[in-house]
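Okay, so here's the structure we're looking at.
The values are calculated or read from the model by the stated rules, or taken from the named source; none is laboratory data. For clarity, every value in this text was computed on a predicted model and none was experimentally measured. Note that we place each Cβ from the backbone using ideal geometry, even for glycine, and neighbour counts take in every protein chain shown. Ligands, DNA and RNA are stripped out before the accessible areas are found, and what is left, the full protein with its side chains, is counted by its heavy atoms. Shrake-Rupley method; radii C 1.70, N 1.55, O 1.52, S 1.80 Å.
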Amino acid sequence: LFSTQPGDNSIAFFLNGRNLGTDFRRSGVRSANTDLGFFADNGTYNYTAYARDETGRFSQPVTRTLQVLNVAPTLTGFKIPKRTIYQGQRAFGRLFATDPGADSQTFFVNDNQVGFDPQTTGTRKARTVLGRFTDVGWYSFTGLAQDKDGADSNPLTRYIRVLNVAPHITRLTHD
């Protein structure tokens with residue numbers, strides 16, 4: 001904050017009613033600095049500042065707006081413990097995300113919601129069944145996290161290979 005005053009006075013500075021301190025210089029531009037803090041969530045924040053000289057006279061208040069923008073989460077991991085399975089087996093996946101904001105995370109695999117973590121700090125995670133696989137081949141899965149504000153993370157793609165299982169003779173009959 002900056003202020004001038006034609007008189008020979010020190011100036012005290014206030015922000016949203018909180019005294020930030022006094023600049024004791026008697027002439028020229030006087031100032032005060034403050035840290036506005038850490039913003040854990042996006043939003044609009046208003047600040048009103050004013051100055052007071054040592055005779056107790058106040059300046060006109062000045063209001064400014066700070067716009068804090070959302071930052072998308074980061075999908076930090078998409079783990080599939082068994083990347084090669086046999087026909088008839090199921091596959092599982094685990095997704096991990098972080099977010100600089102105080103946001104819960106919703107998780108998606110191939111555009112289908114597969115989990116929700118309500119935590120607002122640290123690593124958020126979800127576990128899901130990717131399916132039971134009866135056909136031989138390669139299958140791809142793309143994971144994504146989305147924060148409570150609708151911002152999407154980076155996608156991570158993983159693959160599963162399903163191998164053939166030889167047939168079994170289950171019964172022999174007489175001619």
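Annotations
- Whole-percent P(r), the stretch 79-171, all Cα pairs, 10 Å bins from 0: 16, 41, 24, 12, 5, 2, 0.
- Each listed q (0.11, 0.22, 0.25 Å⁻¹) maps to a log10 I(q)/I(0) for the stretch 1-90 from the Debye sum over equal C-alpha point scatterers, namely -0.49, -1.06, -1.23.
- With contacts taken as Cα pairs under 8 Å at a separation of at least 6 residues, the chain carries a relative contact order of 18 percent.
- Computed over protein heavy atoms with a 1.4 Å probe, the accessible surface of the chain works out to 65 Å² per residue.
- FRET efficiency estimate (nearest 0.05) - Cβ-Cβ, T65 to R26, R0 45 angstrom: 0.85
- When the chain is treated as a Gaussian network with alpha carbon springs shorter than 10 Å, the biggest mean-square fluctuation among F141, F24, F39 belongs to F24.
- Mean-position separation - Cα centroids, the stretch 111-127 and the stretch 9-65, in angstrom: 41
- Modelled spin-label separation between K82 and T157, with each label point placed 7 Å from Cα along the Cα-to-Cβ direction: 2.5 nm.
- Pairs of Cα atoms in the stretch 49-121 fall into 5 Å distance bins, from 0 up to the last occupied one, in shares of 3, 11, 15, 13, 10, 7, 6, 6, 6, 5, 5, 4, 3, 2, 1, 1, 1, 0 percent.
- With kT/(6 pi eta Rh) evaluated at 37 °C and eta = 0.692 mPa s, and Rh the Kirkwood radius from Cα pairs, the chain diffuses with a coefficient of 155 µm²/s according to Stokes-Einstein.
- Think of each Lys and Arg Cβ as +1 and each Asp and Glu Cβ as -1; about the Cα centre, that makes the dipole of the stretch 67-166 roughly 660 debye.
- If you plug the beta carbon distance of R132 and F39 into 1/(1 + (r/R0)^6) with R0 = 41 Å, you get a FRET efficiency near 0.35.
- Rounded to the nearest Hz, the phi-derived 3J(HN,Hα) couplings of the stretch 2-7 under the Karplus curve 6.51 cos²θ - 1.76 cosθ + 1.60 (θ = phi - 60°) are 10, 8, 10, 7, x, x, where x marks glycine and proline.
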